[in-house]
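The values are calculated or read from the model by the stated rules, or taken from the named source; none is laboratory data. Bear in mind that the values here come from a model prediction, so they are computed numbers and not experimental data. Here the Cβ positions follow ideal geometry from the backbone for every residue, glycine too, while neighbour counts run over all protein chains shown. For the accessible areas, the whole protein counts, side chains as well, though only heavy atoms, and no ligand, DNA or RNA atoms are used. Shrake-Rupley method; radii C 1.70, N 1.55, O 1.52, S 1.80 Å.
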Amino acid sequence: MPSAPTRRSILGIAAACLTGGAAGCLSDESRIARCSGYGTMGEDDGPLIRAGTLDGDELVSLGVVVSRDAPRDDRFAAVVVRDRDGGLVADVPLRDNRDMSDLDTDVDPKFSGSDGELYAVPLGPPPQHGDVTVSVVDENGTALSTAEYRFNCYDADGNLP
């Protein structure tokens with residue numbers, strides 16, 4: 001399986017995202033970025049439901065929705081995000097995070113109505129641009145469900161830094 005962060009680091013990221021503290025992964029009202037993006041999904045019945053951008057108080061994140069059953073199914077070990085060059089952006093272990101995602105899919109209209117668990121991968125402050133591949137993998141790192149997603153996020157006022 002690809003290298004996995006420690007349980008403590010995943011919990012720290014999740015706690016920072018949920019509290020809206022310094023990381024500011026998700027915001028309830030104001031938007032820090034204007035994002036556009038598009039993607040292609042793999043299998044219709046796979047564990048990966050949707051990928052897209054989320055913005056918060058200070059950071060833009062990549063939101064990934066997996067089926068509610070994915071974290072409980074031993075066939076699915078992790079969500080792996082890779083950049084266009086194949087470099088590892090994130091490795092979110094699913095088995096270790098069973099019933100730990102408290103992010104509501106209604107936090108953003110892109111994800112509203114998605115019946116699944118939402119995970120946020122912090123990318124950084126705007127502007128953020130990317131071309132990523134998101135995969136749900138088994139314990140050997142073999143992709144079982146894959147999506148490709150391209151995005152551009154700028155400051156909400158449209159100005160460059």
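Among the candidates 26, 59, the residue that is more than 19 Å from residue 134 (Cα to Cα), in contact with a Leu (Cβ under 8 Å, 6 or more places away or on another chain), modelled with pLDDT of 70 or more and crowded, with 19+ Cβ neighbours inside 10 Å is uniquely 59. Looking across region 137-161, just one residue is among the β-branched types (Val, Ile, Thr) and open to solvent by 50 Å² or more (accessible area, probe 1.4 Å), and that is 142. Scanning region 109-136 for residues that are in contact with a helix residue (DSSP H, G or I) (Cβ under 6 Å, 6 or more places away or on another chain), in a loop (DSSP other than H, G, I, E, B) and open to solvent by less than 50 Å² (accessible area, probe 1.4 Å) gives 111, 114. Within region 39-77, the set of residues being of a type outside the set (A, V, I, L, M) and either closer than 22 Å to residue 127 by Cα or assigned to a strand (DSSP E or B) (or both) comprises 39, 40, 50, 52, 53, 55, 56, 57, 58, 61, 63, 67. Checked across region 66-81, the condition of being open to solvent by 20 Å² or more (accessible area, probe 1.4 Å), of a type in the set (Lys, Arg) and at pLDDT 85 or above holds for at least one residue.
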